[in-house]
1. Keeping to the range 69-108, report how many residues are under 30 Å from M20 (Cβ atoms), at pLDDT 85 or above and of a type in the set (F, W, Y).
2. Which ones in the range 123-147 are touching a Phe, Trp or Tyr at 6+ places or on another chain (Cβ under 7 Å), assigned to a helix (DSSP H, G or I) and not hydrophobic (A, V, I, L, M, F, W, C)?
3. Any residue that is of a type in the set (G, A, S), open to solvent by less than 90 Å² (accessible area, probe 1.4 Å) and touching a Gly at 6+ places or on another chain (Cβ under 8 Å) - is there at least one of those in the range 105-118?
4. Condition (residue is under 30 Å from F154 (Cα atoms) and either exposed (fewer than 13 other Cβ atoms within 10 Å of the Cβ) or in contact (Cβ under 8 Å) with a residue 60 or more places away in the chain (or both)) applied to the range 39-53: is it met by at least one residue?
5. Where the second residue is surrounded by 10 or more Cβ atoms within 10 Å (Cβ to Cβ) and not in a loop (DSSP other than H, G, I, E, B) and the first is touching a residue at least 40 places away in the same chain (Cβ under 8 Å) and lies in the range 77-93, which pairs have Cβ atoms under 8 Å and are six or more apart or on separate chains?
6. When residues of the range 113-134 are filtered for being small (G, A, S) and free of Cβ contacts under 8 Å to residues at least 24 places away in the same chain, how many remain?
Amino acid sequence: MKTFVKWFLRGTEFVAAMMMAAMFLTFILQIGIRYSAKLQWLGETFPFLEPSQYGWTLEFCLALWVWIVFWGAAFVVRERDHVTFDIIYGHVSPKTRRWFAIIGGLAVCAGLLWSIEPTWSKFHILRLKKTATLSHLLGDWVRMRDLYSVYMLFLVVVAARYGWRAISAFRHGADIDQPGHEGAAKP
């Protein structure tokens, strides 16, 4: 089981890295097309370098950015890498920290799970909307709902992570995933 989890996490990191690479290459393409647009003869001689055909690059970068943020937050960012406000948390007893972790984990889990249905209801209208420029790259079948569907994945995965965090805090205490603890994950 641990081997599967390790490979799964490596796979999610690889997907995030490929999305970042695709966004970077698209950005480089944007720069090249922008500066070659000043050479009017280039677009006339090589029709595939016509700047008007590259409007999709902006929307593609924006879609990739949305995916990178939500994919990364759901799968790549570790618990100890999150920004936390733990002034009170660090100054209370381990038993109180345990209850803070349980209540906080359950609250985040419940809030995210509760928001799935209203969010999906709002996504329902997005099934009708096409992207403005990505149809040149991906075809007419891609809808706005498809581009933003990663948010639904984010809601489910982060809710599961915080639910597991609450269970883990209940079973083992709240400090098990903190740096310096013997059960903490190694970087």
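1. 3
2. H136, R145
3. Taking the range 105-118 and keeping what is of a type in the set (G, A, S), we get 105, 107, 110-111, 115.
Filter once more, keeping what is open to solvent by less than 90 Å² (accessible area, probe 1.4 Å): 105, 107, 110-111, 115.
Subsequent filtering for residues that are touching a Gly at 6+ places or on another chain (Cβ under 8 Å) retains 105.
Yes, some residue in the range 105-118 is of a type in the set (G, A, S), open to solvent by less than 90 Å² (accessible area, probe 1.4 Å) and touching a Gly at 6+ places or on another chain (Cβ under 8 Å).
4. Looking only at the range 39-53, we keep the residues that are under 30 Å from F154 (Cα atoms), and these are none.
Scanning the range 39-53, I find no residue that is under 30 Å from F154 (Cα atoms) and either exposed (fewer than 13 other Cβ atoms within 10 Å of the Cβ) or in contact (Cβ under 8 Å) with a residue 60 or more places away in the chain (or both), so the answer is no.
5. Short answer, once both residue conditions are applied: E79/R161; E79/R165; E79/D177; R80/D177.
6. The initial filter retains those residues of the range 113-134 that are small (G, A, S), namely 115, 121, 132.
Now restrict to residues that are free of Cβ contacts under 8 Å to residues at least 24 places away in the same chain: 121.
Going through the range 113-134 one residue at a time, the tally reaches 1.
Here is a yes/no grid of residues against (1) under 24 Å from the mean Cα position of the chain (by Cα); (2) over 21 Å from C61 (Cβ atoms); (3) open to solvent by less than 90 Å² (accessible area, probe 1.4 Å); (4) modelled with pLDDT of 90 or more:
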residue	(1), (2), (3), (4)
F4	yes, yes, no, no
W7	yes, yes, no, yes
G11	yes, yes, yes, yes
A16	yes, no, yes, yes
M20	yes, no, no, yes
L25	yes, no, no, yes
I28	yes, no, yes, yes
R34	no, no, no, no
A37	no, no, yes, no
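Listed here are the residues, each with its yes/no results for (1) closer than 24 Å to A159 by Cβ; (2) of a type in the set (D, E); (3) exposed (fewer than 14 other Cβ atoms within 10 Å of the Cβ).
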position: F60; (1), (2), (3): no, no, no
position: W65; (1), (2), (3): yes, no, yes
position: G72; (1), (2), (3): yes, no, no
position: F75; (1), (2), (3): yes, no, no
position: D81; (1), (2), (3): yes, yes, yes
position: D86; (1), (2), (3): yes, yes, yes
position: T96; (1), (2), (3): no, no, yes
position: W99; (1), (2), (3): yes, no, no
position: I102; (1), (2), (3): yes, no, no
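The values are calculated or read from the model by the stated rules, or taken from the named source; none is laboratory data. Since the structure is predicted, the reported quantities are computational estimates derived from the model, not experimental observations. Please note: Cβ atoms are built from the backbone with ideal geometry, for glycine as well, and neighbour counts cover all protein chains shown. What goes into the accessible areas is simple: the full protein's heavy atoms, side chains included, and nothing from ligands, DNA or RNA. Shrake-Rupley method; radii C 1.70, N 1.55, O 1.52, S 1.80 Å.
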